[in-house]
Amino acid sequence: MSTLSLHDLQGISAFSNKIRVPSGHRLTFDGALKLRNLSTANLPATGNEEGDIVYNTDTKQISIWTGAAWTGAQDGSTAEGAVSSAKELYDNGIVTSGKSYRYINTPNGGVKRVWCDFDTQDQFGNSGWMLVAAYSTDYEWTFGAMTQSTEIGPTASGRQISSNFGDYECQMFRQTIDANVDRNLGSSALADWYFYNSSAPRWKEWWAYGPGGADIYSGNNYSPYMYNDGGGTHDRQMLRPFTSAYNLKWGYNTTEQTHMSLCDATIDSQYPPNIPDASGATANVTAIYWTALTTPGRFFSVYYQRYANGSTTSDGSMGILPTGNFTSNSAAGQDLGQANVHTGYDDGNRGTYIGGSASANMSTYNYNSQTSYGGLYWWVK
């Protein structure tokens, strides 16, 4: 038996710098073998051969190249490699482009496959959006549906709303109108915008401040108050007040818009009845938003919100202000005329308006075009 002492062992270029142990022979280590150490972000995407192995310093496991991906990588490509959000993947440089399903460890549904957008950048140059709802007819989003824990795909089928993200903390609530969201979006979409809240409330807190049926935000009883086109307080159900709105289609930020007027449920200072939680398990009743967004099989809607006398509002508006000076009002939506995008129902009138430029303005109340431009998709980040 002989001993070979050396410092470097390398192949020759004629054989692609590979060293081969012939068939029928075995390489045995009595000492230690140390693999190449790499973080998930530094795992090479090219130049690999199926069966290559490295030690992943993030997962503390061996990663093997399958010919298409690294196993054991915390990149959301497998359930074992699930991450907390698409934003985590983007921020850590693991996935920085494309649109794909990723396994996300959701706060209310556990590990789920979620459609994610890593292409469309926000006003700060970041991405990592997760799809939480899809509606095949844009203005019918307000009808709502029973929430679901199963995946929602990039092409809407009916009305689908996830129950997996209610406790997810998100600064941005994004809305896209297009045929599907497996395509170029942002400036290439028919319409694409988001609301930004620097405090990052939980997703369910965008819709209600508490777990009861009456715990909704109202334009004149939740500060900061919402103001209409004439500068007066606007007593309507609204989303939680936010910091600003950004139009991804046209690339402008509107700090004037800090509210989204949803429906007439609190008009004339009437409060909706405090519907018990058990009623939230059936369709066509006042929605219990906290329950619906955290529990599958619960009803989510704006159209069926009720006045104190029990009648439904037949409302539900979403939109964004145009670019320009709108200092007198702080909102788009229900019973308001200023909008670059408007979709939904308003006092029974329905339709979608999409402005053809950043300054284009709907400039009319109770929009009733009865026109749909495609599906409506909701994202959080």
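What follows draws every value from the coordinates through simple rules; no lab data is involved. In this text the structure is predicted, and so the values were computed from the model without any measurement. Here the Cβ is made from the backbone with ideal geometry for all residues, glycine too, and neighbour counts use every protein chain on show.
Listing for the model above:
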quantity	calculated
Rounded, prolate or oblate (a/c below 1.5 giving rounded, otherwise prolate when a/b exceeds b/c) for the range 30-73 by Cα gyration tensor	oblate
Max mean-square fluctuation residue, GNM over the chain, Cα-Cα springs under 10 Å, options 328, 85, 77	328
Vicinal HN-Hα couplings computed from phi for the range 345-352 (Karplus, 6.51 cos²θ - 1.76 cosθ + 1.60; Hz; Gly/Pro x)	10, 9, 6, x, 6, 8, x, 10
Sorted largest first, extent of the range 180-233 alpha carbons per principal axis (Å)	41, 33, 22
Gain upon complete extension [residue 42, residue 366; 0.36 nm per residue less C-alpha separation]	111.3 nm
Cβ-defined net charge surrounding residue 316, 14 Å radius [Lys, Arg +1; Asp, Glu -1]	-3
Per-pair calculated FRET efficiency, R0 = 51 Å: residue 184 and residue 2 via Cβ, rounded to 0.05	0.20
Integer Hz, Karplus 6.51/-1.76/1.60 couplings in order for the range 139-146, x for Gly and Pro	6, 8, 3, 5, 4, x, 5, 6
Fraction of the pair-distance distribution of the range 41-141 above 21 Å, Cα-Cα pairs, percent	40 percent
Euclidean distance between Cα centres, the range 293-359 to the range 207-251, Å	11 Å
Estimated [θ] at 222 nm from DSSP helical runs (n ≥ 4, -39500 (n - 2.57)) normalised by residues in the chain, nearest 500	-500 deg cm²/dmol
Principal axis box of the chain, alpha-carbon based, largest edge first, Å	97, 46, 33
Under Karplus coefficients 6.51, -1.76 and 1.60, residue-wise ³J(HN,Hα) of the range 81-89 in Hz, glycine/proline x	x, 4, 10, 7, 6, 5, 4, 4, 4
Nonlocal amide H pairs with residue 192, under 5 Å, H built at 1.01 Å	177, 248, 249
Anchor residue 249: lysines whose Cα lies under 27 Å away (excluding residues fewer than 8 positions away in-chain)	87, 99, 204, 381
For peptides 216-223, 242-249, sequence by mean Cβ density within 10 Å, most packed first	242-249, 216-223
Highest-MSF residue in the chain out of 23, 198, 187 [GNM, Cα springs under 10 Å]	23
Cut-off under 5 Å, modelled amide H: who pairs with residue 244 long-range	196
Candidates 116, 263, 170, ranked by Gaussian network fluctuation over the chain, Cα under 10 Å, top entry	170
Under 5 Å, built H, 5+ apart or other chain: amide partners of residue 111	106
By average C-beta atoms within 10 angstrom, highest first, the peptides 226-235, 132-141, 297-306, 46-55	132-141, 297-306, 226-235, 46-55
